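Scroll down for the structure; my scribbles are underneath it.
The values are calculated or read from the model by the stated rules, or taken from the named source; none is laboratory data. Because the structure is a prediction, the values reported are computed rather than measured. All Cβ positions, glycine included, derive from the backbone under ideal geometry; neighbour counts span all protein chains shown. Surface areas here come from the heavy atoms of the whole protein model, side chains and all, with no ligands, DNA or RNA. Shrake-Rupley method; radii C 1.70, N 1.55, O 1.52, S 1.80 Å.
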Amino acid sequence: MHLIRSDFLFWAAGLLGHFLLIGVLWTRRRMKSFPIFTLFIAFEFLKTIVLFVIFRTATRSTYDVAYYWLVTPDLLLQVGVTYEIARHTFCPTGSWAPDAKGPFTVGIAVTVLIAATLSSIPKYPKGLSGASALTWLNFFSSAWICEILLVMIVLAATVHLPWKTHVARIAQGLGFFSLIGLLTSAGQNITGMDRNSSFSFALTYIRMTAYLIGVAYWIVMLWREAPAPKELPREMRNGLFTLHRRLEYDLQKFRALRK
């Protein structure tokens, strides 16, 4: 199959971006903290290579089949990244914050219902097979990710749990290209335009550009170190020191009574 210049540029940019991001995760030792995110980026890197080879060596139908099969693990890994973001935010000590687990579970159920409802609004002339199924999945996943990230932001503010720097940056990148993906998919679905039209291709390029911007953002932000914790004011340090001495004194009295 013939690869036009713009498609080749997007492919090359995606391959380079994923390669650099993996390098950042490796050299800055972020893999241990974000294993699912690392797996997602590694999968995207390999998917880019596999699809390019198939595009150049096989038929269009073979490429379409391979692309459809790779969509499901792609979306599942994105869901996994949202879980990893939630775990870092609401499980700072290894166990779920008591005030967050219940509301977050309810939030998952509500956002799935809303995303399913929104993705069912457009008419799919070919049912849910082939390209129509792919369109539905993209619309649903983009809507759900945008919603669940919004739920996390509101819930974290409600229970007073701060977002760690790198967790917040991963969430921002994921939320950005998911929102653009939702808007472009909505434009294609609601208007019912021809998928081969120039405007439809333009929306696809916008969606790919948004993803590349997200990858570039991750490269820069994950390369940077998180800011050092701010030093406590002198009055607070003195108060903590006094409290510590008082606890030591009370503990000594308690031990003396036991004797």
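The test for being out of contact with any helix residue (DSSP H, G or I) (no Cβ under 9 Å at 6 or more places or on another chain) and within 21 Å of Arg207 (Cβ to Cβ) holds for Arg5. Annotation note: of Leu20, Leu9, Leu77, Leu25, the sole residue that is touching a Ser or Thr at 6+ places or on another chain (Cβ under 9 Å) and aliphatic (A, V, I, L, M) is Leu25.
A quick yes/no check of all residues on (1) out of contact with any Asp or Glu (no Cβ under 9 Å at 6 or more places or on another chain); (2) surrounded by fewer than 18 Cβ atoms within 10 Å (Cβ to Cβ):
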site	(1), (2)
Arg28	no, yes
Phe40	no, no
Val50	yes, yes
Thr72	yes, yes
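Out of curiosity, is Pro92 of a type outside the set (A, V, I, L, M, F, W, C), open to solvent by 30 Å² or more (accessible area, probe 1.4 Å) and touching a Leu at 6+ places or on another chain (Cβ under 8 Å)? It is true that Pro92 is of a type outside the set (A, V, I, L, M, F, W, C), open to solvent by 30 Å² or more (accessible area, probe 1.4 Å) and touching a Leu at 6+ places or on another chain (Cβ under 8 Å).
Count of segment 76-89 residues, restricted to those that are surrounded by fewer than 17 Cβ atoms within 10 Å (Cβ to Cβ) and either touching a residue at least 40 places away in the same chain (Cβ under 8 Å) or aromatic (Phe, Trp, Tyr) (or both), is 3. Within segment 164-202, which residues are in contact with a Ser or Thr (Cβ under 8 Å, 6 or more places away or on another chain), assigned to a helix (DSSP H, G or I), surrounded by fewer than 21 Cβ atoms within 10 Å (Cβ to Cβ) and modelled with pLDDT under 90? Of everything in segment 164-202, just one residue is in contact with a Ser or Thr (Cβ under 8 Å, 6 or more places away or on another chain), assigned to a helix (DSSP H, G or I), surrounded by fewer than 21 Cβ atoms within 10 Å (Cβ to Cβ) and modelled with pLDDT under 90, namely Asn189.
Exactly one residue among Gly14, Gly23 is assigned to a helix (DSSP H, G or I), open to solvent by less than 50 Å² (accessible area, probe 1.4 Å) and without any contact (Cβ under 8 Å) to a residue 12 or more places away in the chain, and that residue is Gly23. If the condition is being among the β-branched types (Val, Ile, Thr) and either within 21 Å of Gly175 (Cβ to Cβ) or at pLDDT 90 or above (or both), then segment 55-84 contributes Val71, Val79, Val81, Thr82. Do we have any residue at all in segment 159-167 that's within 23 Å of Ala226 (Cα to Cα) and of a type in the set (Ser, Thr, Tyr)? Yes.
Okay, residues lined up against (1) of a type outside the set (Asp, Glu); (2) within 13 Å of the chain's Cα centre (by Cα):
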| site | (1), (2) |
| --- | --- |
| Val53 | yes, no |
| Ala58 | yes, no |
| Val65 | yes, no |
| Thr72 | yes, no |
| Thr82 | yes, yes |
| Arg87 | yes, yes |
| Asp99 | no, no |
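Residues in segment 25-40 that are within 14 Å of Trp223 (Cα to Cα) and not polar (S, T, N, Q): Leu25, Trp26, Arg28, Arg29, Arg30, Met31, Phe34.
Would you be able to tell me the number of residues in segment 93-110 that are hydrophobic (A, V, I, L, M, F, W, C) and at pLDDT 85 or above?
Summing the residues that are hydrophobic (A, V, I, L, M, F, W, C) and at pLDDT 85 or above in segment 93-110 gives 5.
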